[in-house]
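These notes concern the structure reproduced below.
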Amino acid sequence: MHNRKAGFAFVGMGAVLLIAALFLFLYNEGNNARKEEENRDIYEELSRIIEQKKEERAAEIETEIQEETEFVPLEILTTEEERSAEPEETPTTSMMTLATVDGYDYIGILELPALELAVPILSDWDEKKLDIAPCRHFGSAKTDDLVIAGHNYRRHFLNLSKLDIGDEVRFIDMDGTLIDYTVAEKQTLKATDVDVVLESEYDLILYTCTYSGTERTAVFCKRTTQK
């Protein structure tokens, strides 16, 4: 009789654990689905903004061309000294155009064709922002030292380790500029291996946590678009 009760208790405990596992699975799937929908909405809004920027820039270029061909009246010509003066310094190349969606600033869209993935990239990072989308850790695409960190969510960087050497990576900034890269190296780093990233000479680095959380999957990319 005692063995029978123990058997019933064992079966009951197994059923409870099975139900708990099922609830956890459903929760994770629901969370992933929510993240996918949120990222899709942000991606679509950023794509719209990028297209608008492209159209505005095309209109500016057309206006500049028209102005260059117009007759310049003599009275606005400058002196020889003024004409030979050094032009004003242009803004530093590290400056990035940002787009704000739902109160958060984004620098562009990262595309990983081999993974069939396109994700918006936030302009800086903290734990709350990483929960929304991959984030710029530091650097810029304009200065060829951009580092992007992302959680190992399914629609973020979960499959980052599946990228192969030679795979294409694309980044579209908020001015509509497309920069192409190829995967040149992959490494599994310790969480303390900060110098490997800080001292890297690669143009783009993507990284995420492994399942254990104690290591990082890092993908190092070389720029292929001409400057």
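The values are calculated or read from the model by the stated rules, or taken from the named source; none is laboratory data. As the structure is a prediction and not an experimental result, all values here were calculated from the model. Glycine gets a Cβ as well: all are built from the backbone with ideal geometry, and neighbour counts include every protein chain shown. Keep in mind that these areas ignore ligands, DNA and RNA; they rest on the heavy atoms of the full protein, side chains included. Shrake-Rupley method; radii C 1.70, N 1.55, O 1.52, S 1.80 Å.
Worth a mention:
- Entries of Lys128/Lys190; Lys128/Lys222; Lys53/Lys227; Lys54/Lys128; Lys54/Lys162 with Cα pairs more than 27 Å apart: Lys128/Lys222; Lys54/Lys128; Lys54/Lys162
- Loop-located GluC sites (Glu not before Pro) in segment 114-191 whose Cβ has at most 13 other Cβ within 10 Å (DSSP): Glu116
- Annotation: Arg223 carries an accessible surface of approximately 50 Å², with a 1.4 Å probe and no ligand, DNA or RNA atoms counted.
- Put Phe171, Phe138 in order of accessible area, highest first, and with a 1.4 Å probe you get Phe138, Phe171.
- For Glu168 and Arg34, the difference between the fully extended length at 0.36 nm per residue and the C-alpha to C-alpha distance is 45.5 nm.
- FRET E, pair Glu185, Arg48, Förster distance 41 Å, beta-carbon r, rounded to 0.05: 0.75
- Accessible surface ranking that places the most exposed of Lys190, Lys53 first, with a 1.4 angstrom probe: Lys190, Lys53
- Accessible surface ranking that places the most exposed of Val194, Val101 first, with a 1.4 angstrom probe: Val194, Val101
- Rounded to the nearest 10 Å², the accessible area of Glu55 at probe 1.4 Å: 130 Å²
- Global geometry of segment 130-227, whether rounded, prolate or oblate, following the gyration tensor of its Cα atoms and the 1.5 cut on a/c: prolate
- Glu199-Lys128 pseudo-label distance in nm [points 7 Å out on the Cα-to-Cβ vector]: 3.6 nm
- Virtual spin-label span in nm between Thr224 and Leu178, 7 Å along Cα→Cβ: 1.2 nm
- Whole-percent carbon and sulfur share, accessible surface of segment 131-199, 1.4 Å: 46 percent
- Extended-chain gain in nm, criterion 0.36 nm per residue less alpha-carbon gap, Thr214 and Arg154: 19.7 nm
- Neighbours of Ile179 by Cβ distance under 13 Å: Lys/Arg scored +1, Asp/Glu scored -1, total -3.
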